[in-house]
1. Please specify each residue of the range A:1-28 satisfying the condition of being part of a loop (DSSP other than H, G, I, E, B) and either within 13 Å of the chain's Cα centre (by Cα) or farther than 20 Å from residue A:132 by Cβ (or both).
2. Hey, residue B:118 hits all of (1) part of a strand (DSSP E or B); (2) within 14 Å of another protein chain (Cβ to nearest Cβ); (3) not basic (Lys, Arg) but one; which does it fall short on?
3. Would it be correct to say that residue B:157 is farther than 19 Å from residue B:73 by Cβ, more than 12 Å from chain A (Cβ to nearest Cβ), surrounded by fewer than 22 Cβ atoms within 10 Å (Cβ to Cβ) and at pLDDT 95 or above?
4. Farther than 26 Å from residue B:114 by Cβ and out of contact with any Ser or Thr (no Cβ under 8 Å at 6 or more places or on another chain), is that true of residue B:189?
5. Does the range B:253-261 contain at least one residue that is within 14 Å of another protein chain (Cβ to nearest Cβ), surrounded by fewer than 23 Cβ atoms within 10 Å (Cβ to Cβ), more than 14 Å from the chain's Cα centre (by Cα) and part of a strand (DSSP E or B)?
6. Given the conditions (1) among the acidic types (Asp, Glu); (2) surrounded by fewer than 18 Cβ atoms within 10 Å (Cβ to Cβ); (3) under 20 Å from residue A:30 (Cβ atoms), and given that residue A:235 satisfies all but one, which numbered condition is not satisfied?
7. Among the residues of the range B:69-92, write down those that are crowded, with 21+ Cβ neighbours inside 10 Å, outside any helix (DSSP H, G or I) and under 17 Å from the mean Cα position of the chain (by Cα).
8. Kindly list the number of the only condition in (1) touching a strand residue (DSSP E or B) at 6+ places or on another chain (Cβ under 6 Å); (2) of a type in the set (Gly, Ala, Ser); (3) within 14 Å of another protein chain (Cβ to nearest Cβ) that fails for residue B:112.
Protein chains: 2
Amino acid sequence: MLVRTFVPAHITAFFVPKFHDDPLKAGSLGAGVNLDKGVNVFASIETGTLERHVHISFNGEPVGRERAVISYSVADEIVPDDFTGEVEIWQYFDFPNGYGFGNSAGGALGTALALGYAFGGTWLKAAQVAHKYEVLNRGGLGDVVGQLAGGIEVRVRAGGPGVGVVDNLFFEDYQVLVVPLGKLSTREVLDGDVVKAIEREGRGALEKLLGEPKPERMMALAREFAEKTGLLNGELLELARELDRAISIPSSMIMLGRGLFALLRKDEVENARNLLSDLNLPYDVTGIHEGRPTVGRWVG
Amino acid sequence: MLVRTFVPAHITAFFVPKFHDDPLKAGSLGAGVNLDKGVNVFASIETGTLERHVHISFNGEPVGRERAVISYSVADEIVPDDFTGEVEIWQYFDFPNGYGFGNSAGGALGTALALGYAFGGTWLKAAQVAHKYEVLNRGGLGDVVGQLAGGIEVRVRAGGPGVGVVDNLFFEDYQVLVVPLGKLSTREVLDGDVVKAIEREGRGALEKLLGEPKPERMMALAREFAEKTGLLNGELLELARELDRAISIPSSMIMLGRGLFALLRKDEVENARNLLSDLNLPYDVTGIHEGRPTVGRWVG
């Protein structure tokens with residue numbers, strides 16, 4: 001059986017981490033955007049061998065357990081204990097790993113949904129497994145529930161699927177500009193001193209956003225959050241300011257990656273493209289993915 | 001401003017009602033299917049008059065407050081108190097009212113989403129308002145959360161949006177046959193003696209479905225529920241049996257309407273059509289609506 005899933009890339013705009021010993025109660029408050037690009041996961045399940053094998057590859061390259069511990073853990077849990085055969089999982093990422101696009105959650109959720117589809121699970125159970133291993137391995141706290149919600153999402157109660165509550169903003173026809181410049185370790189940030197500032201500023205941003213739940217307001221609050229926590233600084237902050245002169249809604253920092261994102265009105269796309277080309281920086285412009293990830297049988 | 005929303009028709013397969021004084025905690029457990037047909041709601045908001053007027057029409061006919069108390073209540077709550085102008089809401093139903101297609105919830109949710117979009121709300125807040133008036137006026141208990149989930153949904157924790165938890169089944173490419181024969185009052189059934197049987201059988205069906213979460217199993221359990229509660233009987237039961245001879249997955253009763261529904265594999269559609277045409281009964285064949293309702297600006 002061949003199954004294909006698509007999980008949108010998820011950019012966090014601002015957040016408040018919520019740690020908990022029970023991974024389903026761990027999660028985050030905050031807001032973010034889901035993109036039309038993200039992670040495509042193809043799963044092939046074949047029976048007929050005597051042993052049970054699970055193979056995972058990233059962008060066509062086989063990866064060992066140490067480099068894909070979250071997705072291997074997801075597969076180990078969902079593939080039934082008494083299954084013998086070959087499970088191959090190919091994850092293809094539209095954005096680089098570690099740059100803040102929720103690749104780890106996207107790969108985990110896509111894997112969980114594909115295997116849930118193949119082995120008789122449900123959406124909720126699959127999503128809970130993905131969230132659990134994301135949290136246990138500190139891949140992220142809010143990406144899985146954000147990706148399940150789609151669109152522009154607001155995490156109003158922290159927690160995994162079935163526990164957390166995610167709201168959605170209404171929005172007009174925006175394009176999303178992303179400028180991915182490098183990695184930032186979620187794990188290091190969450191272990192660092194900045195967490196207190198993140199909690200304080202994230203909480204304030206969420207409260208203000210719920211008082212005026214608009215995408216434009218979310219971007220302004222995200223920018224304020226990024227600057228006040230000190231996560232956005234130096235050259236990246238200079239770049240954000242330069243970008244702001246070319247577009248109408250404030251740009252902000254991808255949480256957590258060394259990069260920027262912005263909402264573009266249709267007539268601003270060319271301006272933004274020109275600026276980034278002039279600066280010789282990598283960028284992409286993509287739509288917002290509304291609704292859920294997709295799952296279905298894959299007919300080559 | 002013109003806004004258009006589409007909310008899928010929602011057929012309940014089996015259910016357990018959960019009453020509660022707090023409407024957001026009231027809801028139902030159970031399972032159901034969302035259809036590609038349903039309710040289209042168009043909202044027009046015009047300022048510039050001195051008074052505030054809200055007008056609602058069903059299928060092009062203006063309706064007074066007494067015939068559309070749920071949707072008028074939704075509009076009254078979401079349109080800001082200080083708004084002056086004309087709010088016109090047109091609801092168009094693909095299926096007849098009172099036949100068990102979730103029209104009342106679809107109209108309420110479509111209205112709430114359209115007005116939320118226009119007046120600065122969020123998805124969750126809009127959906128909560130729709131659920132609240134559905135419950136308070138006994139339009140239904142689980143339709144709003146079922147319609148928000150899309151696909152084939154399983155309500156695993158009762159409650160309104162943000163409180164209840166809804167799971168989804170994975171499914172192959174089914175068509176849905178509906179045979180709408182008449183009305184059944186949700187209110188009368190929920191006030192009657194049958195509620196105890198519904199609670200017992202519904203609970204059992206849910207438990208069994210979660211043990212084997214497949215659409216085919218859901219239909220078999222729905223049929224068992226319908227027969228054991230006595231809701232499906234007489235001529236309608238005879239018809240279900242006749243239908244079953246033409247298709248492979250058990251048909252069941254639309255909860256709550258006088259009608260049947262069934263999942264059809266592609267190669268069964270013609271069989272089913274022929275049988276119902278021969279019997280001279282009204283029927284429709286439609287796809288399953290996956291994902292959320294849709295909301296957006298309406299450009300004529």
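1. Taking the range A:1-28 as the starting set, the residues that turn out to be part of a loop (DSSP other than H, G, I, E, B) are A:1, A:19-26.
Answer for the range A:1-28, where residues must be part of a loop (DSSP other than H, G, I, E, B) and either within 13 Å of the chain's Cα centre (by Cα) or farther than 20 Å from residue A:132 by Cβ (or both): just A:1.
2. (1)
3. Numbers: farther than 19 Å from residue B:73 by Cβ: yes; more than 12 Å from chain A (Cβ to nearest Cβ): no; surrounded by fewer than 22 Cβ atoms within 10 Å (Cβ to Cβ): yes; at pLDDT 95 or above: yes.
Answer is no for this residue.
4. Values: farther than 26 Å from residue B:114 by Cβ: yes; out of contact with any Ser or Thr (no Cβ under 8 Å at 6 or more places or on another chain): yes.
It is true that residue B:189 is farther than 26 Å from residue B:114 by Cβ and out of contact with any Ser or Thr (no Cβ under 8 Å at 6 or more places or on another chain).
5. Of the range B:253-261, the ones within 14 Å of another protein chain (Cβ to nearest Cβ) are none.
There is no residue in the range B:253-261 that is within 14 Å of another protein chain (Cβ to nearest Cβ), surrounded by fewer than 23 Cβ atoms within 10 Å (Cβ to Cβ), more than 14 Å from the chain's Cα centre (by Cα) and part of a strand (DSSP E or B).
6. Among (1) among the acidic types (Asp, Glu); (2) surrounded by fewer than 18 Cβ atoms within 10 Å (Cβ to Cβ); (3) under 20 Å from residue A:30 (Cβ atoms), the lone unmet condition for residue A:235 is (3).
7. Listed by number, the list holds a single entry, B:91.
8. Single failed check for residue B:112: (1).
The values are calculated or read from the model by the stated rules, or taken from the named source; none is laboratory data. As the structure is a prediction and not an experimental result, all values here were calculated from the model. Quick reminder, even Gly has a Cβ in these numbers, built from the backbone with ideal geometry, and neighbours come from all protein chains shown.
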